[in-house]
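Inspection log for the structure reproduced underneath, given as structure tokens.
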Amino acid sequence: MKVYDKILNLPDELVKYLYERYCDGVFFDIETTGFVPANSSLYLIGCAYFEDKVLHLSQWFLDTPEDEENLICAFLDFCSGFSKIIHYNGAGFDIPYIIKKCAIYHIPCDFSNLKSIDIYKLITPYKDFLKLPGLKQKQLEDFMGISRKDEYSGGELIKVYNAYISSPSDKLLMLLLLHNYEDVLGMLKIVSVLNYIELANGNFTVSDFTVTDSKTASDVTVKEAVITLKTALNIPVRISNGNDNFYITACGDTAKICVRIHTDELKYFYPNYKDYYYLPAEDCSIHKSVAFYVDKNYRTKAKAADCYSKKTGTFLPQYRPLFEPYFKIDYMDTITYFELTDDFSSDNGRIKEYAAHIIATLAKKQ
């Protein structure tokens, strides 16, 4: 086993960001010759971590296959000094692989004392929201604008490692170390992608709410509500997403949501329709307690779909009944509307709740 250590010289802003959040954690990635621990070797483990506020990288390399047990023990002993372990799909592969290897060698192994932060697992629900083509680490690096020198995949390097074991050379060793180095380095550079989750979880403040005119693609003027947010954590790469009702853009410490305002006549459906009569001529319902004023020939027993009153006004859409009373265009509609009032426009608490609902809707996290 060989151990390679180096100091990572990254931009000060990135190092500051990492230290504030992960100074007590270790970023790690493993390289293996296969997926099944009993039939493959764990030949390389890379870790990035802070020591005296300086960012380091350590790599344990298996230059002799018989030394695998010592490599694993050295890594586990190293991890005992941290409280967090950060990885990319480590919960799905790296950690289970190590645990199974430990069982083979009868090595005590327990990761439960480490808080596990799996970037892959956390970001997966937001794949469509971020318009990611896939969820491989390299695809996330592309999204973040990160380039690599390494041109090999983990699978392709299995042959390289086997060639190294047969005939060691510095060239082959550098290829193996480089891939693992860039996997770990990539995690350090993409971990801020988790800031999008903070936005989706409502970690922001409302800085402005305005109503303005906007042009549609067909050059029709419509009214929009524009909500400006200040994010608690910087959004690393500009994003935009939307549907027919909402549109969001976010970059840096600012996010902006545009909401199509519905200005029309909507229906309020009474929940207890059996207590109402429907008046076809007036297209509305009235309570039975006052129905004796209406001739029986001009009323029918109300059904759920026609038990409503109408209101003309200015409304905002919602994808669940967040604010009441809520209105609909038709009874079967899942989208409801609440009235845009001066009270709402001046209440940052309710606006924040609404903005969080919009982001959750676009991120499909309702």
Do the conditions hold for L71, that is, is it in a helix (DSSP H, G or I), modelled with pLDDT of 95 or more and open to solvent by 20 Å² or more (accessible area, probe 1.4 Å)?
no
Within region 46-64, does at least one residue satisfy the condition of being open to solvent by 30 Å² or more (accessible area, probe 1.4 Å), in contact with a helix residue (DSSP H, G or I) (Cβ under 6 Å, 6 or more places away or on another chain) and either on the phi < 0 side of the Ramachandran plot or not charged (D, E, K, R) (or both)?
no
Yes/no for F93 being open to solvent by 10 Å² or more (accessible area, probe 1.4 Å), touching a residue at least 24 places away in the same chain (Cβ under 8 Å), among the aromatic types (F, W, Y) and closer than 29 Å to N39 by Cα:
yes
Run down A255, A200, A291, A250 and say which single residue is open to solvent by less than 30 Å² (accessible area, probe 1.4 Å), closer than 24 Å to T334 by Cα and among the small types (G, A, S).
A200
How many residues does region 235-247 hold that are open to solvent by less than 30 Å² (accessible area, probe 1.4 Å), outside any loop (DSSP other than H, G, I, E, B) and under 25 Å from Y326 (Cβ atoms)?
2
Filter result (under 30 Å from N234 (Cα atoms), of a type in the set (A, V, I, L, M, F, W, C) and in contact with a helix residue (DSSP H, G or I) (Cβ under 9 Å, 6 or more places away or on another chain)) within region 144-187
M144, I146, M187
Go through F315, F344, F338 for me and flag whichever is in a helix (DSSP H, G or I), farther than 16 Å from G202 by Cβ and either over 25 Å from the mean Cα position of the chain (by Cα) or at pLDDT below 95 (or both).
F344
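The values are calculated or read from the model by the stated rules, or taken from the named source; none is laboratory data. Please read all numbers here as calculations on a predicted model, not as lab measurements. All Cβ positions, even for glycine, are placed from backbone atoms using ideal geometry, and neighbour counts span all protein chains on display. In case anyone asks, the SASA skips ligands and DNA or RNA and just uses the protein heavy atoms, side chains included. Shrake-Rupley method; radii C 1.70, N 1.55, O 1.52, S 1.80 Å.
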